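To keep things clear, I will list the structure first and then write my remarks on it.
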């Protein structure tokens with residue numbers, strides 16, 4: 001994903017890996033990527049903001 005990309009509900013936005021298991025992070029609704037908060041391969045914990053999606 002890049003800033004400015006438009007997404008639909010359920011589109012995979014990122015993949016989170018924990019203990020060798022991978023889980024997709026899907027878009028909760030349609031919109032446009034306004035900001036990406038974390039970079040690739042960053043360490044994150046549950047509840048961290050990964051990106052902001054707003055109205056297209």
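Only the coordinates and a few stated rules stand behind these numbers; no lab work does. If you're wondering where the values come from, they're calculated on a predicted model, not measured in any experiment. Neighbour counts are summed over all protein chains in view; Cβ atoms, including those assigned to glycine, are modelled from backbone coordinates with ideal geometry.
Entry note, segment 14-56: relative contact order of 37 percent, from Cα contacts under 8 Å with a spacing of 6+ residues.
Would you mind ranking 20, 32 so that the residue whose beta carbon has the fewest other beta carbons within 10 Å leads the list?
On the way: 20 5, 32 14.
Going from sparsest to densest Cβ surroundings: 20, 32.
In the list (1) 4, 19, 25, 23, 15, 9, 4, 1; (2) 4, 19, 31, 24, 15, 5, 1, 0; (3) 4, 23, 36, 29, 8, 0, the label attached to P(r) over Cα pairs in 5 Å bins from 0, in percent as derived from the coordinates here is (2).
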